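Report on the structure given below.
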Amino acid sequence: MTSIEAQVRQYVTDRLLFGRSDVVVEGDTSFLESGLIDSTGVLELVAFLEEAFKIKVEDEDLIPANLDSINALTQFILAKSQALANSRA
Amino acid sequence: MLHRMINVVNHRGPDAVGFHLEGPVALGHARLSIIDLAGGAQPMTNEDRSLWITFNGEIFNYVELRNELINKGHRFRTQSDTEVILHLYEEKGDACVQDLNGQWAFAIWDPRRERLFLSRDRLGIRPLFYAKTKSGFAFASEMKSLLAIPSLSRMIDPHALDQIFTCWVTIPPTTVFSGISELPPGHCLTLQEGKMEVTPYWALEYDTDATVKSEDEAREKLLALLLDATRLRLRSDVPVGAYLSGGLDSTVVAALIKKLGVTHVKTFSVAFDDKEYDESAFQEEARQFLGTDHQAVLCRPTDIGEVFPDVIWHTETPVIRTAPAPLFLLSKLVREQGYKVVLTGEGSDEILGGYDIFKEAKIRRFWATNPQSKFRPLLLRRLYPYMKNLQSQPEAYLRAFFHVCKEDLDNPFFSHLPRWEMTSKLKLFFSREVKEQIGNSETIQQLEKRLPRGYAQWDPFAQSQYLETALLLPGYILSSQGDRVAMAHSVEGRFPFLDYRVVEFAARLPARFKMKALNEKHLLKQAAASLIPETIRKRHKQPYRAPDCQSFLRGDGSRSLVEYAEELLSPRAITQAGVFDAERVEKLVDKVRAGQAIGVKDNMAFVGILSTQLVVDRFIKHFPKEHTL
């Protein structure tokens with residue numbers, strides 16, 4: 001498990017599942033379909049990404065393909081971080 | 001024991017106390033004198049002492065009823081509405097309630113027949129609870145009176161929690177306390193020879209009336225009814241004020257009071273220092289237009305946190321919003337200003353179609369008929385313009401949250417499914433024991449069994465109106481946000497929109513008169529056209545809300561909660577109360593402390609858990625001993 005994935009998983013466990021152990025969140029479990037985030041929860045997720053990974057989430061990034069599972073989030077953060085690193089290089 | 005039961009609800013009636021003990025019965029009364037200040041003492045008897053009554057509330061048409069009864073030969077000793085009930089009961093028996101226009105909870109004891117008759121008003125404005133005890137039967141306006149009976153065990157009913165954490169309210173007769181029942185609105189209870197019967201005398205019905213031919217006719221009739229409902233509700237021997245929130249409904253009520261010729265109208269409102277919730281500008285607009293003598297109480301989040309334990313002492317049930325707290329502060333202001341009666345706009349949203357949930361259901365249904373439409377889901381953005389978070393919600397997420405499955409369209413609870421499903425997610429915080437006691441949640445199935453005959457034939461708009469009016473109105477709006485927080489400071493609310501003639505008239509109107517396209521309360525806006533400022537008539541509806549989680553953070557930036565919240569939400573206290581899972585609550589509390597609980601669900605969870613802990617602490621663990629009452 002990468003450190004990004006571990007951080008994302010920790011966030012999901014603490015902030016979305018509240019330590020629930022009866023629900024297994026696989027890498028590709030949909031947050032929407034499993035009801036883990038409420039109708040305003042996606043903005044909470046964005047706040048977490050921007051604070052924890054120092055990335056900027058644009059409006060056009062706000063699609064389930066980027067944000068709706070641990071795998072999707074991990075990929076999204078990686079891509080964003082790399083783009084950020086490249087722009088600084 | 002009767003003294004103890006009355007003492008604990010002294011706030012409901014600080015003006016006088018009365019008792020009547022006779023044979024197997026003991027009646028008590030705490031009086032808030034409003035009509036016939038000198039002659040209305042209770043419990044009251046009739047001329048031959050063959051009936052005794054204890055009564056909380058008002059019968060607004062008592063003047064007309066009294067005249068009719070005098071014409072029939074009844075002799076009155078007082079000018080009170082209480083005595084009118086007694087004589088009407090002599091005349092008509094249990095059916096007397098059909099003639100009453102008002103808000104009531106009363107008990108009549110007939111010593112000759114050894115029969116007790118309890119009744120509660122049609123819509124549940126005044127509360128009435130009862131319990132079977134070891135030695136018999138007891139009833140009271142508030143549950144704390146019943147909890148003061150030593151033989152009654154004080155325990156939380158897990159099924160009640162399941163109901164609250166699904167549809168925000170308990171469903172009568174269930175209450176949050178095992179062994180205490182609530183008499184449902186529009187019902188009577190009789191007790192004779194040990195046999196108890198609970199029977200309905202009135203029900204909400206939404207069959208469209210073909211006799212109202214046009215919108216113009218409906219508008220005129222509505223205005224005439226509202227005017228008369230307001231006229232009756234101004235009957236009082238003490239000054240009457242009004243709430244003026246800056247919204248349509250309370251402005252209409254204040255305007256009707258003016259129209260009836262009252263020259264000095266005293267109005268009251270809540271102002272929030274958080275602009276997201278504040279409506280001061282609209283209140284000022286209404287005040288200037290109507291020329292009322294207005295006073296507001298400023299409510300800061302810390303104020304809510306400070307009074308919340310007292311608020312829960314009065315709501316007596318868990319709540320998932322802090323919204324009752326500012327209204328508790330408002331009734332305090334009213335009382336301090338020397339008023340004990342206020343007219344308010346409650347009920348308008350339910351009966352005339354004002355709530356967002358009606359609009360949301362309409363859009364979802366509209367969308368479901370063409371699921372591929374790109375345009376239709378965008379209407380959802382128009383739903384909640386006051387919710388910043390939802391406005392920034394990307395379209396893909398809007399679609400996902402409000403998506404309608406075809407099979408949902410036939411669900412009798414279509415309009416309420418998103419709300420109830422979201423609220424049900426809060427049950428993840430229940431402890432294992434509570435989950436086991438609840439078993440498979442049957443709240444929604446039980447509700448389905450209780451739906452009235454004819455419900456399936458009503459149009460979808462009427463169905464959603466019924467659910468709001470039968471559940472949330474009595475269970476939360478009129479109780480936790482209404483009677484309880486007003487009576488906490490000995491203030492009586494009166495609601496012209498809930499005059500049963502207005503309710504019955506509105507229920508028979510076609511849905512298109514109430515919501516035209518997505519314009520809520522269309523008919524009322526038309527009816528009030530010349531009475532209120534245009535800006536208020538045309539403004540986008542902002543539901544009454546108050547800051548939730550942030551109210552419980554200390555204002556010193558220490559990222560800790562106010563003291564009692566820290567204590568009641570500590571893992572030790574949570575484990576001891578046994579209702580919630582300590583580990584999960586701890587993570588939620590951490591999130592709140594960190595200022596990261598911005599979602600609706602987290603806010604509801606936090607307020608629901610804290611208020612439940614307060615109920616356990618105040619009513620079960622530390623219920624006041626006799627000497628402290």
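Bear in mind that the values in this text are calculations on the coordinates, not laboratory data. Predicted model only: the values in this text are computed from it and were never measured. Here the Cβ positions follow ideal geometry from the backbone for every residue, glycine too, while neighbour counts run over all protein chains shown.
Cβ under 9 Å from B:Thr292's Cβ, B:Thr292 left aside: what net charge do those residues give with Lys, Arg +1 and Asp, Glu -1?
Details: positive: B:Lys258, B:Lys266, B:Arg287; negative: B:Asp293.
Spelling it out: positives minus negatives among the neighbours equals +2.
Gain in length, B:Ser530 to B:Val262, computed as 0.36 nm per residue apart minus the alpha-carbon separation, to one decimal in nm? List each step's numbers first, then the result.
On the way: separation 268, 0.36 × 268 = 96.48 nm, distance 1.76 nm.
That pair, B:Ser530 and B:Val262, stretches by 94.7 nm at full extension.
Would you mind checking B:Lys213/B:Lys266; B:Lys132/B:Lys625; B:Lys92/B:Lys514; B:Lys449/B:Lys621 for any pair whose Cα atoms are more than 29 angstrom apart?
On the way: B:Lys213/B:Lys266 38 Å; B:Lys132/B:Lys625 22 Å; B:Lys92/B:Lys514 37 Å; B:Lys449/B:Lys621 35 Å.
Result: B:Lys213/B:Lys266; B:Lys92/B:Lys514; B:Lys449/B:Lys621 exceed 29 Å.
Which distance in Å, rounded to a whole number, links the C-alpha centroids of the stretch B:36-75 and the stretch B:288-346?
Between the Cα centre of the stretch B:36-75 and that of the stretch B:288-346, the gap is 32 Å.
About the Cα centre of the stretch B:130-245, what is the dipole size in debye to 20, counting +1 per Lys and Arg Cβ and -1 per Asp and Glu Cβ, all else neutral? Don't skip to the answer; put the middle values down first.
Working: 11 positive and 15 negative charges, 126 e Å.
So the magnitude is around 600 debye.
Per residue of the stretch B:529-534, in order, report the coupling 6.51 cos²θ - 1.76 cosθ + 1.60 (Karplus, θ = phi - 60°) as ³J(HN,Hα) in whole Hz, putting x for Gly and Pro.
3, 8, 9, 10, x, 4
Assuming R0 = 51 Å, can you tell me the calculated FRET efficiency for the pair B:Glu22 and A:Gln75, based on Cβ-Cβ distance, to the nearest 0.05?
0.05
For chain B, give me the percentage of DSSP beta bridges that are antiparallel, rounded to the nearest 5 percent.
Details: 45 of 60 bridges.
DSSP beta bridges in chain B are roughly 75 percent antiparallel.
Per-residue Cβ counts within 10 Å, from other chains only, averaged over A:10-19: what number is that?
Values: counts 0, 1, 0, 1, 6, 9, 5, 3, 14, 9.
Shielding by partners across A:10-19 averages 5.
Just add up the charged neighbours of B:Thr170: K/R +1, D/E -1, any other residue whose Cβ is under 10 Å from the Cβ of B:Thr170. Working shown, then result.
Numbers: positive: none; negative: B:Asp157, B:Asp162, B:Glu182.
Around B:Thr170, the charge tally is -3.
Over chain B, what is the mean sequence separation of C-alpha contacts under 8 Å (at least six apart), divided by residue count, expressed as relative contact order in percent?
Numbers: 1052 pairs, mean separation 107.1, N = 629.
Value for chain B: 17 percent.
Along the charge dipole of chain B, which of B:Trp313, B:Asn67, B:Ile536 sits closest to the positive end, that is, farthest toward it, with unit charges on the beta carbon of Lys, Arg, Asp and Glu (+1, +1, -1, -1)?
B:Ile536
Considering every residue in B:593-602, what mean count of other chain Cβ atoms within 10 Å of its Cβ is obtained?
Working: counts 0, 1, 1, 7, 2, 5, 11, 4, 9, 7.
Across B:593-602, the average partner-chain Cβ count within 10 Å equals 5.
Could the peptides B:598-605, B:424-431 be put in order, highest first, of the mean number of other beta-carbon atoms found within 10 Å of their residues?
Numbers: B:598-605: 22.2, B:424-431: 19.2.
Per-residue mean Cβ counts within 10 Å order the peptides as B:598-605, B:424-431.
First measure r as the distance between the Cβ atoms of A:Arg88 and B:Asp356, then evaluate 1/(1 + (r/R0)^6) with R0 = 51 Å and state the FRET efficiency to the nearest 0.05.
Numbers: r = 46 Å, r/R0 = 0.89.
E(calc), rounded to 0.05, equals 0.65.
Report the antiparallel proportion of the DSSP beta bridges in the protein assembly as shown as a percent, rounded to a multiple of 5. Mind dumping the intermediate values first?
Details: 45 of 60 bridges.
Around 75 percent of the beta bridges assigned by DSSP in the protein assembly as shown are antiparallel ones.
Taking every alpha carbon pair in the stretch B:1-105, what does the distance histogram look like in 10 angstrom bins from 0, in percent?
Here the calculated profile for the stretch B:1-105 is 14, 48, 32, 6, 0.
If a paramagnetic tag sat 7 Å from the Cα of B:Leu518 along the Cα-Cβ line, which residues of the stretch B:397-431 would have the backbone N under 17 Å from that point?
B:397-404
Label-point separation (nm) for B:Asp459 and B:Arg365, each offset 7 Å from Cα along Cα-to-Cβ?
0.8 nm
May I ask you to evaluate 6.51 cos²θ - 1.76 cosθ + 1.60, the Karplus curve with θ = phi - 60°, for each residue of the stretch B:258-267 and list the ³J(HN,Hα) values in order in whole Hz, giving x for glycine and proline?
Per residue, the Karplus-derived 3J(HN,Hα) values read 4, 4, 7, x, 6, 7, 9, 10, 8, 10 Hz.
What is the log10 of I(q)/I(0) for the protein assembly as shown, computed with the Debye formula using one identical point scatterer on each Cα and no solvent, at q = 0.05 Å⁻¹?
Treating every Cα as an identical point scatterer, log10 I(q)/I(0) equals -0.25.
Taking R0 as 51 Å, what FRET efficiency do you get between B:Asp590 and B:Phe76 from their Cβ-Cβ distance, rounded to the nearest 0.05?
Details: r = 64 Å, r/R0 = 1.26.
Calculated value: 0.20.
Whole angstrom only: what separates the Cα centroid of the stretch B:521-600 from the Cα centroid of the stretch B:442-497?
After rounding, the separation between the Cα centres reads 22 Å.
Once you have the Cα-Cα distance between B:Lys132 and B:Glu336, take 0.36 nm times their residue separation minus that, and quote the gain in nm to one decimal.
Working: separation 204, 0.36 × 204 = 73.44 nm, distance 3.83 nm.
Roughly 69.6 nm would be gained on extension.
Counting Lys and Arg as +1 and Asp and Glu as -1, each charge on the Cβ, what is the dipole of chain B about the Cα centre in debye, to the nearest 20? Mind showing how you got there, number by number?
Working: 80 positive and 80 negative charges, 207 e Å.
My answer is approximately 1000 debye.
Counting other beta carbons within 10 Å of each residue's own, what order do B:Tyr397, B:Tyr201, B:Tyr277 fall into, fewest first? All intermediate terms of the calculation are to be shown ahead of the outcome.
Numbers: B:Tyr397 23, B:Tyr201 15, B:Tyr277 19.
Ranked by crowding around the Cβ, least crowded first: B:Tyr201, B:Tyr277, B:Tyr397.
With +1 on each Lys and Arg Cβ and -1 on each Asp and Glu Cβ, and nothing else charged, work out how big the dipole of the stretch B:474-549 is about its Cα centre, in Debye to the nearest 20.
460 debye
For B:Leu409 paired with B:Glu276, estimate the spin-label separation in nm (one decimal), with each label point 7 Å from Cα along the Cα-to-Cβ line.
Distance between label points: 3.6 nm.
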